[in-house]
Amino acid sequence: MSVVSVINYKGGVGKTTVTANLGAELAARGRKVLLIDLDPQASLTYSFYRPSDFTEQPTIRSWFDAFVTTRAPEPLFKYVLAPHAVNAIVQPMGGNLHLIASQLGLVDADLDLAAGLGGSRFQKSSPRYLQVYRLLADALADPSFNKYDTVLIDCPPNFNLVTRTALVASDHVIVPARPDYLSTLGIDLLRTRLSALVEDYNSVAPTPINPEIIGVVYTMVQYTANGPLLTQQTSVQATTEIEMPVFRQTIRDNKSAVTEAGLRAVPAVLSPQGTAAVENLRYELQQLTSEFLARTRP
Ligand SMILES: Nc1ncnc2c1ncn2[C@@H]1O[C@H](COP(=O)(O)OP(=O)(O)OP(=O)(O)O)[C@@H](O)[C@H]1O
Ligand SMILES: [Mg+2]
């Protein structure tokens with residue numbers, strides 16, 4: 001099982017869209033996939049459920065809340081859902097896609113967890129540091145999760161404690177970004193913060209972690225008749241210059257295809273045959289998945 005965090009603390013860069021489509025395409029290729037929505041905005045959850053179909057289901061918020069109150073984590077597998085629409089498509093192909101959903105109040109759990117460790121600056125000296133930072137890692141080590149090939153975690157646009165539990169649990173990290181100058185600066189900062197987290201954690205943990213950034217995925221790339229806009233190519237170039245791995249496959253801007261997929265509660269990569277623009281987007285998402293598999297192969 002490989003655990004992959006999809007992160008960028010810049011908002012609206014395509015994290016959730018990449019997570020949903022990668023997960024769906026992997027499942028369509030016969031893999032057993034678990035997606036975890038760690039964002040209180042719950043966009044990943046609503047990529048697979050229409051709001052009216054999502055009411056009483058358990059969410060990761062209750063799981064974190066239970067830990068905050070009892071200090072003993074509940075088994076995480078009790079929170080796993082199987083969204084209907086996407087599984088109706090991928091199950092005949094031998095795969096499945098499961099989801100641990102999110103909901104708004106997760107923000108409070110994040111603050112409570114940090115407070116329990118004595119505030120953000122003093123966490124490392126807290127006797128509970130390892131238990132809290134390893135919450136998700138230990139929960140996923142439960143044998144009930146052995147049946148999954150890939151776990152993808154959609155992180156919120158921040159570097160708070162809940163996000164850090166995802167990074168501690170991860171073998172790999174993917175960074176979706178928009179191809180513009182400020183995003184490129186943000187990527188370097190993200191790498192610095194990830195290294196600091198790993199260094200801090202490894203200085204107290206008996207077993208070191210090594211979450212590896214396998215690549216920046218450029219999303220919402222705008223095309224002209226002659227190919228991607230030139231200014232965007234410059235940003236991609238700048239990322240390689242700071243020696244960040246970059247996915248060769250980029251994802252183009254196609255608001256209508258992404259929005260329509262949202263309304264169907266099935267990611268765009270699995271949408272029915274459509275216009276040339278839709279087919280281009282699907283092709284790119286499929287290529288991205290192949291590249292993902294190559295980059296995560298042990
Ligand atoms: N390739 C694309 N073309 C056009 N629109 C897109 C594309 N990918 C994502 N979007 C749209 O851009 C918005 C942000 O995308 P998304 O939610 O995936 O980003 P995010 O990084 O997860 O955002 P947040 O930081 O809020 O979690 C959404 O409205 C989504 O539908
Ligand atoms: Mg998101």
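Values in this text are rule-based calculations from the coordinates and carry no lab data. Just so you know, these numbers come straight off a predicted model, no measurement behind them. In this analysis, Cβ positions are derived from the backbone assuming ideal geometry, glycine residues included, and neighbour counts consider all displayed protein chains.
Report, to the nearest 10°, how far helix 230-241 tilts away from the longest principal axis of the Cα atoms in the chain, using its own Cα long axis and a range of 0 to 90°.
Helix 230-241 and the main axis of the chain meet at about 40 degrees.
Determine the dipole magnitude for the range 2-296: charges of +1 sit on the beta-carbon of Lys and Arg, -1 on that of Asp and Glu, nothing else is charged, the reference point is the Cα centre, and the result goes in debye to the nearest 20.
On the way: 24 positive and 27 negative charges, 23 e Å.
My answer is approximately 120 debye.
Select from A88, A24, A257 the residue whose mean-square fluctuation is largest in a Gaussian network model of the chain (Cα-Cα springs shorter than 10 Å).
A88
Cα to Cα, under 16 Å, and not fewer than 8 places away if on the same chain: which lysines meet these conditions relative to K78?
K147
If the cut-off is 20 Å between C-alpha atoms, which lysines fall inside it for K255, apart from same-chain ones fewer than 8 positions away?
Correct list for K255: K10, K15.
Can you pull out the trypsin sites (Lys or Arg not before Pro) in the range 206-298 that DSSP calls coil and that have at most 13 other Cβ atoms within 10 Å? Spell out each step's value before the answer.
Numbers: sites: R248, R252, K255, R264, R282, R295; in loops: R248.
The qualifying sites are R248.
Would you mind working out the magnitude of the charge dipole of the range 33-105 relative to its Cα centre, with +1 at each Lys and Arg C-beta and -1 at each Asp and Glu C-beta, to the nearest 20 Debye?
Numbers: 4 positive and 6 negative charges, 17 e Å.
For this selection, approximately 80 debye.
In whole angstrom, how far apart do the alpha carbon centroids of the range 1-42 and the range 91-160 sit?
Using only Cα atoms to place each centre, the spacing works out to 14 Å.
Could you give each residue of the range 33-48 its phi-based ³J(HN,Hα) in whole Hz, using Karplus coefficients 6.51, -1.76, 1.60 with θ = phi - 60°, and x for Gly or Pro?
Karplus values, whole Hz, x for Gly and Pro: 10, 10, 10, 10, 8, 9, 9, x, 5, 6, 5, 5, 4, 7, 7, 10.
For the chain, what is the convex hull (Cα atoms) projected area averaged across all directions, in square nanometres?
Values: hull surface 60.7 nm².
The directionally averaged projection comes out at 15.2 nm².
Relative contact order for the range 36-104: what percent, with Cα pairs under 8 Å and sequence separation of 6 or more? It would help to have the intermediate numbers written out before the result.
Values: 81 pairs, mean separation 34.3, N = 69.
Result for the range 36-104 is 50 percent.
Which value in Å is the Kirkwood Rh of the range 134-213 over different Cα pairs?
Working: mean 1/r = 0.0720 Å⁻¹.
That comes to 13.9 Å for the range 134-213.
Would you please name the trypsin sites (Lys or Arg not before Pro) within the range 40-140 that are DSSP coil residues with at most 12 other C-beta atoms within 10 Å of their C-beta? If you can, show how the numbers build up before the last one.
Numbers: sites: R61, R71, K78, R121, K124, R128, R134; in loops: R71, R121, R128, R134.
Hits after loop and neighbour filter: R71, R121.
Name the long-range amide H neighbours of V246: under 5 Å, sequence gap of 5 or more, or other chain; modelled H, no Pro or chain starts.
Answer set, sorted by chain and number: V216.
Choose one of M244, Y79, L106: the residue whose Cα lies farthest towards the positive end of the charge dipole of the range 2-296 (beta-carbon charges +1 Lys, Arg; -1 Asp, Glu; about the Cα centre).
Of the options given, the answer is Y79.
Below 8 Å, C-alpha to C-alpha, sequence gap of six or more: please give me the relative contact order for the chain in percent.
It rounds to 26 percent for the chain.
Kindly express, to the nearest 10 degrees and within the range 0 to 90, the angle between helix 255-264's C-alpha long axis and the longest C-alpha principal axis of the chain.
The two axes meet at around 60 degrees.
Work out, in µm²/s and without decimals, the Stokes-Einstein translational diffusion coefficient of the range 17-96 at 10 °C, 1.306 mPa s, Rh from Kirkwood over C-alpha pairs.
Numbers: Rh = 13.7 Å.
It comes out at roughly 116 µm²/s.
Have a look at the DSSP beta bridges in the chain and tell me what percent are antiparallel, nearest 5.
Values: 4 of 30 bridges.
Restricted to the chain, the bridges split so that about 15 percent are antiparallel.
Per residue of the chain, what 222 nm ellipticity follows from adding -39500 (n - 2.57) for every DSSP H run with n ≥ 4, rounded to the nearest 500?
On the way: 12 runs with 134 residues, N = 298.
So the helix-based figure for the chain works out to -13500 deg cm²/dmol.
If one takes the longest principal axis of the Cα atoms in the chain, at what angle in degrees, from 0 to 90 and to the nearest 10, does the Cα axis of helix 15-28 lie?
80 degrees
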